[in-house]
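Values in this text are rule-based calculations from the coordinates and carry no lab data. Note that the coordinates shown come from a computational prediction; the quantities given were computed from them, not determined experimentally. Every residue, glycine among them, receives a Cβ derived from its backbone with ideal geometry; neighbour counts consider all protein chains shown.
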Amino acid sequence: MTAPTLPLSARRRIPVPDRARLTGEQRHGTACVWCAVVLSPETAADLGHRPYTTPSVDYVLTWWPRGCRACVAARAPLPVDTATMRAMARQALDVDLPAAVAASLAVMYRGMLRELVPAVRDAVDGLPYEHADRRAAEADVHRALGDLDHRPRGPGAEAAHALRLAHALLVLTDRLDQSTPGRTSAVPGTPT
């Protein structure tokens, strides 16, 4: 099953059902929040703490939902396809882009970066804070987030922005491939 190998940081991002609609066993972590199967330590997967509020209190409470490994595996995010992302990013680097094409590529690159940033963070999550690979990955993620926040203005700015996003995409795909042991995703015929 894939649930035990899925890092907790990824399991925390899996949406869970509304707490108000769950049974007491599901809210207390003794039953799966999706299929209501009674859980044991061998079959349970923690989904991280989740905040919630109730009308009776004026502060935020926390609950710790749990799911069975089969339900967690079914809802787990798909692995990031870095080979496709890398090939798409190279499109912007290979040609002189018209503004309309640059705008559509920028939208596509933004979506890919939003998918890639959490994957890179998850890949280096287990490394010590002082580790050089973790620090480099965090710097790359920070630069990519800055590129995502940037809004181009002026003539030719869309094409330049698409190039910035493409470069960020290439850097993060390389970083993810380097940080994930056993990961091979190079596009045939291109250097990794």
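Some notes on this structure:
- Between the helical axis of 157-179 and the longest alpha-carbon principal axis of the chain there is an angle of about 60 degrees.
- With respect to the chain, whose longest principal axis is taken over its alpha-carbon atoms, helix 99-124 is tilted by about 50°.
- Across the chain, the relative contact order, built from alpha-carbon pairs under 8 Å that are at least six residues apart, equals 21 percent.
- Of the GluC sites (Glu not before Pro) in the stretch 124-164, the ones in a loop by DSSP (not H, G, I, E or B) with at most 12 other beta carbons within 10 Å are E130.
- Counting 0.36 nm for each residue step from R19 to Q91 and taking away their Cα separation leaves a gain of 21.5 nm.
- Restricting the stretch 16-115 to GluC sites (Glu not before Pro) that sit in a DSSP loop and have at most 13 other Cβ atoms within 10 Å of their own Cβ leaves E42.
- Compared with the dominant principal axis of the Cα atoms in the chain, helix 82-94 is inclined by about 30°.
- 30 Å tail of the calculated P(r), the chain, as % of Cα pairs: 38
- Helix-only mean residue ellipticity at 222 nm for the chain, each DSSP H run of n ≥ 4 adding -39500 (n - 2.57), per residue, nearest 500: -16000 deg cm²/dmol
- Unit charges on C-beta of K, R, D, E only; dipole of the stretch 21-146, Debye: 300
- Taking 0.36 nm per residue of separation and subtracting the Cα-Cα distance, full extension of the segment from A103 to R12 would add 29.5 nm.
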